[in-house]
Amino acid sequence: MEIDDPRPVAEPLGRLSAAVGTPPTPQLRLRESPLAITDAAVLGAPPVLEVRNLDLWYGPQQALFGIDLDVRRNSVLALIGPSGCGKSTLLRCLNRMNDLIDGVRIRGQVLLGGEDLYDPAVDVISLRKRMGMVFQKSNPFPKTIYENVAYGLRIQGERDRRVLDEAVERSLQGAGLWEEVRDRLDQSALGLSGGQQQRLCIARALAVRPEVILMDEPCSALDPIATGRIEELIFELKKEFTIVIVTHNMQQAARVSDFTAFFWLGKLVETDVTERMFTNPRQRITEDYITGRFG
Amino acid sequence: MSDPNRILRRAKRVDRLMGAVIRVGGLTIIAAVIGILLFIGKEALPLFLPPRVAPVAPGVLPPPQAIHLDESGKALFAWDLRRGLGAYTLPGPAARELPPGPPLPWTRVLPPDARGTALVLAADGKFYSVRPSWDKPAGENDPGQWKAEAAWSPALDPGPQPCEPLAFRKVPGSGLGGGDTLRLAGRRNGVLAWTEAPAEASGPLAWTPLPLPGAEAQAASWSADASQLFVGTSTGRLLVFDPPSGQLLREAAFSQPVSALGWVLGGTSLLVGGRGGALEAFQQVRVGDAVVLQSLRAFPPLQGEVLGLAASQRDKRFLSWSAESLAVDHLTTGRRLLSAPAQGLQGAALSPRGDLILGATAQGQLRGWTLEAPHPEVSWGTLWRPTRYEGYAEPQRTWQSTGGTDDFEPKLSLLPLLFGTLKGTFYALLFALPVAIFGALYTSQFAHPALRNLIKPTVEVMAALPSVVLGFLAGLVLAPMFERSMVQFVIVPPVALSLALLAMPLWARLPRAFRKLFGEGREALWMVPLLLGAFGAAMALAPWIERALLGGEYRLWLQSHGIPYDQRNSIVVGFAMGFAVIPIIFTISEDALSSVPRSLSSASLACGASPWQTAWRVVLPTASPGIFSAAMVGLGRAVGETMIVLMATGNTPVMEWNPFNGMRTLAANIAVEVPEAPQHGSLYRVLFLTALLLFLLTFVLNSAAELIRQRLRKRYEAL
């Protein structure tokens, strides 16, 4: 896998640029991937989300330690790491879903467009409209396909049928589901297959035109074909959205993401451009994890 | 230990054994439920069985003019124009000895009344009355040992003109001096006349004519106290006279010339038989300010002229006969219990119990029927449709199972009870459903977990409160309290609601940090002082409102608007019974709401929905089948609830939606009436029928709830 060179790399990647050019560790599977080519524009894009020195406690137990992370506009950031390393926790910090869990304490900052999400003046509800989320297990509402997609707009008080129709079609097309369901929008979403349900959930997140889409292991419950479709979809979506994806699947991270962040025991071990991360990680432990020596 | 095969075999054996035990237990429960259902059904079923009639052939008598059956049905007296009064015991009939009576042959016999008192016009042209009886030594059952007695009255001289007697009544003396008096009505030369005399009168009777323009009196009968004379004419008119004043009180039209008059037990309903066989019951009833004589019910006609009418002394059934047929009908239901062709019938009698009918033909042939109709007053129509009862001008839907006298007509309409059940349930659910469901929604979706862990067990402990305690509190504490402060009670909810609506925007304007520190998930605690404030405000406002708007006394105000106020009313019941059903509705709803997958509410929140929008648009609809089933279970519980309604409703079987009066429910009715219901009587069986109804009602409700819960489970499996 080749990286376009030279190109401007922003901090913290700048510090790591020394690593670029070192002989790549053989990653045969990576070379098979047809997708992930981090393009130069992404590397230079401004950060949408900035996590600054974030600590998080579940009751007395600290789960995240001083996380610093940037998410660049129109990029895909993959959060990887073994189970319980805090990647999902971090993801849920980004739209304050952790607020719902009792006994969570957070210190530090998460900046969305320079504005701190944890500022007491921030309205959680309007914040969540800017951060779409797709969950590990597809969770369509027991409503019709149409109502599932229109939900986000309906709760904002949208009643105009034309606006809703337009948004539903746009979102379903965005999620690559339109052709499959256009004739049965008024049927229950629970009748769709697992992969279709997950794409419906993506469409539901797209409908409110968020700035960032958070995906929490979106393919872990899907078969390889459905997974492939979601991955293609992510590749399409990043043209318009910024995506943070948590995954256990190394190949997936390599295929879909521009940047990868590796977490271990609640700490951010390292973050880098995906190609470099998978070919030439700076930390021994990252390499061990990526190559499957533990996990 | 050592042989794994043995352990495996043993495990399998135990498995089979326990499986069998569990199966047997389950089947036993099902069998028990079905058994109870069958037993209840079996007890109620005889209500709807047709009457059983069996002919008997008692034999031959010298042809009698009239007969009267003894209470036992084993002996009878017969009046014969040529042979006089005869006493007979059955079977046989075997003639028994009697002292000789008035000189024979008689010219006329006035048939015996229900007690067997008859009047004869003897060969000497004088009247003699007699009430023959049987002397049964020490309750002897064998009629062979009985002795017939007949004490004839002294002769009454009708005077020089021949007189055909029509009606006769002996009025017992008041006990303040003066003996019994007799009242007689008869036709003298075709003119209706009446007379009154002391029972021991010796001189000729003094007759007073009663004007009867354009018609001839065909039949007459005195009312029970002999104060009024009812007369049926050849032109088909029914007239009521007040003989002392000679005044015609009221009249009614009958379809045919009248041929016979008689009374149903109780002396309220006058039976009228026509020359063409028509049969109808009339009664005097107050309509508005006037008392009118009106038809109560018409019965299917007999074949041929109605010759006579006789009533049972147990219930409202009566016998009517013509020369061709004979019938037993029941007044309340209008049902014909027995109908038999009987050629050449002359006299007939119904035993006082109404279970034996004897007819005698002009040839002296006796014909008999036994009639087994234990519940003639109950029919599908009287249970469910408005029914004409004695003493009412309009059809009624009334439950009044027992009265002060033996001749009371039971009114067994189930409609007021069913209505009361639904009314009580309605008011209970009106109170319980919103409280329980919104409470469950709050607890499962909004409350701080610490608060939830407090609320849920507390509400569940509420369910353990015995309903008799609730009923006691409701009836003896709550009801008087409500009566004292109904106005306060009515205005608390609107006051509290408006205060809350005022407070909420203020709360939202408080600094976020303050709210976060004291409020998150504990908003409900802040509602407590608010509610107390509302309560105080209501207390302060109520007297003012009562003075200003309700004229100072709300009960009078309600009364003036046609709404009676009972202390034990639907609001009290709704409150107390609501309290009893809240726990079950709350618990099931809370479980349903909590079992909505967290992923769904997370998805909704992540879409930018507020917690309320999430609860309202995602959680509540998803849990709705469970909540529906909770409501159904609550409904079933309220329908079957007994103790609270028994103690707090006043048990008045009225049919009004008015929240300020009480009701009587099916369940409470059973509890109230069972001690008064003689075993295997009509009331007893009707109570079993209501039990069956209650059983089916709760069974259907609970089954529906269970089915819905099953469907809900399936629905979640897809998520």
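The values are calculated or read from the model by the stated rules, or taken from the named source; none is laboratory data. Quick caveat, the model's predicted, so the values are computed rather than measured. Ideal geometry is used to build each Cβ from the backbone, glycine not excepted, and the neighbour counts take in all protein chains shown. When the accessible area is computed, the model is the full protein with side chains, heavy atoms only, and any ligands, DNA or RNA have been set aside. Shrake-Rupley method; radii C 1.70, N 1.55, O 1.52, S 1.80 Å.
Remarks
Table: residues versus (1) more than 15 Å from the chain's Cα centre (by Cα); (2) within 14 Å of another protein chain (Cβ to nearest Cβ); (3) surrounded by fewer than 19 Cβ atoms within 10 Å (Cβ to Cβ).
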site	(1), (2), (3)
A:GLU169	yes, no, yes
A:TRP178	yes, no, yes
A:ALA189	yes, yes, no
A:GLU217	no, yes, no
A:GLU231	no, no, no
A:PHE241	no, no, no
A:GLN252	no, no, no
A:PHE259	no, no, no
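- Within the option set A:LEU117, A:LEU127, being of a type outside the set (D, E, K, R) and either within 11 Å of chain B (Cβ to nearest Cβ) or surrounded by fewer than 20 Cβ atoms within 10 Å (Cβ to Cβ) (or both) holds for one residue only, A:LEU127.
- Tally, over region A:63-111, of residues that are within 14 Å of another protein chain (Cβ to nearest Cβ), in a strand (DSSP E or B) and touching a helix residue (DSSP H, G or I) at 6+ places or on another chain (Cβ under 9 Å): 2
- Search result, residues across region B:618-628 that are open to solvent by 10 Å² or more (accessible area, probe 1.4 Å) and either within 7 Å of chain A (Cβ to nearest Cβ) or not polar (S, T, N, Q) (or both): B:LEU620, B:PRO621, B:PRO625, B:ILE627, B:PHE628
- Condition met for B:GLY354 (in a loop (DSSP other than H, G, I, E, B), open to solvent by less than 50 Å² (accessible area, probe 1.4 Å) and at pLDDT below 90): yes
- Where a residue in region B:337-348 is on the phi > 0 side of the Ramachandran plot and its partner, wherever it lies, is among the aliphatic types (A, V, I, L, M), with Cβ under 6 Å and at least six apart: B:GLY344/B:ALA362
- Each residue in region B:598-621 was checked for being of a type in the set (A, V, I, L, M) and more than 56 Å from the chain's Cα centre (by Cα), and 4 pass.
- Among the residues of region A:261-281, those identified as within 26 Å of A:GLN62 (Cα to Cα) and buried (at least 16 other Cβ atoms within 10 Å of the Cβ) are A:ALA261, A:PHE262, A:PHE263, A:TRP264, A:GLY266, A:LEU268, A:VAL269, A:GLU270, A:THR271, A:ASP272.
- As for region B:466-483, it holds at least one residue that is open to solvent by less than 60 Å² (accessible area, probe 1.4 Å) and in contact with a Ser or Thr (Cβ under 8 Å, 6 or more places away or on another chain).
- Test: residue in region B:424-435 that is within 29 Å of B:LEU593 (Cβ to Cβ), touching a Leu at 6+ places or on another chain (Cβ under 7 Å) and at pLDDT 85 or above: yes
- When residues of region A:191-206 are limited to those that are over 19 Å from A:THR247 (Cα atoms) and within 17 Å of the chain's Cα centre (by Cα), the one nearest to the other protein chains (Cβ to nearest Cβ): A:ARG204
- Pair list, Cβ under 7 Å, 6 or more apart: region B:605-617 residue more than 7 Å from chain A (Cβ to nearest Cβ), other residue among the hydrophobic types (A, V, I, L, M, F, W, C) and surrounded by fewer than 21 Cβ atoms within 10 Å (Cβ to Cβ): B:PRO611/B:PHE446
- Cross-chain or 6+ apart pairs with Cβ under 6 Å, region B:264-282 first and under 13 Å from B:THR332 (Cα atoms), then among the hydroxyl-bearing types (Ser, Thr, Tyr) and not in a loop (DSSP other than H, G, I, E, B): B:GLU280/B:SER295; B:ALA281/B:SER269; B:PHE282/B:SER295
- Matching residues, region B:119-148, being touching a residue at least 24 places away in the same chain (Cβ under 8 Å) and among the acidic types (Asp, Glu): B:ASP124
- A:TYR146 falls short on exactly one of the conditions (1) open to solvent by 60 Å² or more (accessible area, probe 1.4 Å); (2) more than 9 Å from chain B (Cβ to nearest Cβ), and that condition is (1).
- Top-ranked residue of region B:657-692 - restricted to ones that are assigned to a helix (DSSP H, G or I) and of a type in the set (S, T, N, Q), ranked as farthest from B:GLU483 (Cα to Cα): B:SER682
- Boolean, B:SER594 is of a type in the set (Gly, Ala, Ser), within 19 Å of B:GLN445 (Cα to Cα), surrounded by fewer than 19 Cβ atoms within 10 Å (Cβ to Cβ) and more than 14 Å from chain A (Cβ to nearest Cβ): yes
- Boolean, B:LEU666 is surrounded by 18 or more Cβ atoms within 10 Å (Cβ to Cβ) and under 13 Å from B:LEU417 (Cβ atoms): yes
- Of all residue pairs spaced 6 or more apart or on separate chains, those with beta-carbon atoms under 8 Å, a first member in region B:433-454 that is more than 12 Å from every other protein chain (Cβ to nearest Cβ) and a second member that is open to solvent by 50 Å² or more (accessible area, probe 1.4 Å) and in a helix (DSSP H, G or I) are B:THR443/B:ARG452; B:SER444/B:ARG452; B:SER444/B:SER594.
- Single residue of region B:213-225 satisfying the filter (touching a Ser or Thr at 6+ places or on another chain (Cβ under 8 Å) and in a loop (DSSP other than H, G, I, E, B)) that is nearest to B:LEU265 (Cα to Cα): B:GLU216
- Residues (crowded, with 19+ Cβ neighbours inside 10 Å and not in a loop (DSSP other than H, G, I, E, B)) located in region B:384-398: B:THR387
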